[in-house]
Amino acid sequence: MREIRRDYIVKELRDMVLLTAMLAVAVGAAVPTAHISPLFWLLIPLFAAWFLIRMFRRAAAGLEKVRARPEEWKARVAREYGAPHQVRRVAYGEAHLLETCLVCRHKRQLLLIPFDELLLVREDHRLVGVRSVPVLYLSLAGGKSCKLDFFAGRPEDGKMVYAWLVTRAGDNHMDGEYQ
C-alpha cells in the first residue's frame, strides 16, 4: 500500500507544481498590468499549502476504505501493483487494472475498488465535441457507488475498462441506457 500512496502523492505533486507555476505566471502578469497589489503573491504559498493538505487527506481517505481488509489481501495488492499490469487513462489520472482490485487516481482522488465488493457496472456516454466518451457507474456493496469519467482524447480506454470490469463483476452488469 505504501507504493500506491507514494505514486499517488508523486503524481499529485507533479500536477501541483504545474498548477502553481501557472498561478505564478498569472499573478506575475496581473500585478503590473492590472495594477493589483503585490500581496497577491501570497496566494501562491497559500494555494500550495491548501493543495498539500488536500492531497494527503485524500490519500489517507482512499486507503482508509481498505484498512479493515486482511493483511494477505493488502500484500497481494502490493505485489500486483509492483508487477507489470495494464494502466488506462481516466479523467485527471489513470486506472491500474489489477487482478484483485481497481486502483484509480481519478479527479484528484485515490480510489481502491475491491472486486469482491463490485456489484454492478453500467456504461453511459457523454459528448465532448463530436466524440462519445464513456462514463462508468460502479455500484459497490454497502450501497456505495462510484463514477469513472474517461479522458476525452482516448475514449477507447473507457470501452476497454468497461469490458474488463464486466468480466470481474460476473453477470452483474448493465449495458448503457443511452447508446
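The values are calculated or read from the model by the stated rules, or taken from the named source; none is laboratory data. Source: prediction; values computed, not measured. A quick note on method: Cβ atoms are made from the backbone with ideal geometry, for glycine too, and the neighbour counts reach across all protein chains shown. The area values use the complete protein model at the heavy-atom level, side chains included, leaving out ligands, DNA and RNA. Shrake-Rupley method; radii C 1.70, N 1.55, O 1.52, S 1.80 Å.
Out of all the residues in the range 53-81, which are open to solvent by less than 60 Å² (accessible area, probe 1.4 Å), part of a helix (DSSP H, G or I) and within 22 Å of Ile9 (Cα to Cα)? If you could, list the steps in order and put the result at the bottom.
Quick first cut of the range 53-81, residues open to solvent by less than 60 Å² (accessible area, probe 1.4 Å) only: 55, 59-63, 66, 69, 73-75, 77-78, 80-81.
Narrowing further to those that are part of a helix (DSSP H, G or I): 55, 59-63, 73-75, 77-78, 80-81.
Listed by number, the residues that qualify are Met55, Ala59, Ala60, Ala61, Gly62, Leu63, Lys74, Ala75, Val77, Ala78, Glu80, Tyr81.
Would you call Leu111 in a strand (DSSP E or B) and under 22 Å from Arg76 (Cβ atoms)? Break it down into steps so the answer makes sense when it comes.
Numbers: in a strand (DSSP E or B): yes; under 22 Å from Arg76 (Cβ atoms): yes.
Spelling it out, Leu111 is indeed in a strand (DSSP E or B) and under 22 Å from Arg76 (Cβ atoms).
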*Inside the range 103-114, can you point out the residues that are of a type in the set (S, T, N, Q) and either surrounded by 20 or more Cβ atoms within 10 Å (Cβ to Cβ) or modelled with pLDDT of 90 or more (or both)?*
none
_Based on this model, can you work out whether Thr100 counts as surrounded by fewer than 17 Cβ atoms within 10 Å (Cβ to Cβ) and either over 24 Å from Phe56 (Cβ atoms) or in contact with a Lys or Arg (Cβ under 7 Å, 6 or more places away or on another chain) (or both)?_
no
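If I filter the range 81-126 down to residues being among the hydroxyl-bearing types (Ser, Thr, Tyr) and in contact with a His (Cβ under 8 Å, 6 or more places away or on another chain), which single residue comes out as farthest from Arg67 (Cα to Cα)?
Of the range 81-126, the ones among the hydroxyl-bearing types (Ser, Thr, Tyr) are 81, 92, 100.
Now restrict to residues that are in contact with a His (Cβ under 8 Å, 6 or more places away or on another chain): 81, 92.
On the way: Tyr81: 17, Tyr92: 25 Å.
In this case the residue turns out to be Tyr92.
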*asked:* Exactly one of these conditions fails for Val31: (1) open to solvent by less than 80 Å² (accessible area, probe 1.4 Å); (2) out of contact with any Phe, Trp or Tyr (no Cβ under 8 Å at 6 or more places or on another chain); (3) free of Cβ contacts under 8 Å to residues at least 12 places away in the same chain. Give me its number.
replied: (2)
_What are the pairs with Cβ atoms under 9 angstrom where one residue, in the range 143-160, is closer than 13 Å to Gln86 by Cβ and the other, located anywhere, is at pLDDT 85 or above and of a type in the set (Gly, Ala, Ser)? Sequence gap at least six, or different chains._
Asp157/Ala95
*Please work out which one of (1) over 26 Å from Ala141 (Cα atoms); (2) open to solvent by less than 30 Å² (accessible area, probe 1.4 Å); (3) out of contact with any Phe, Trp or Tyr (no Cβ under 6 Å at 6 or more places or on another chain); (4) not small (Gly, Ala, Ser) is the condition Leu43 fails and give its number.*
(2)
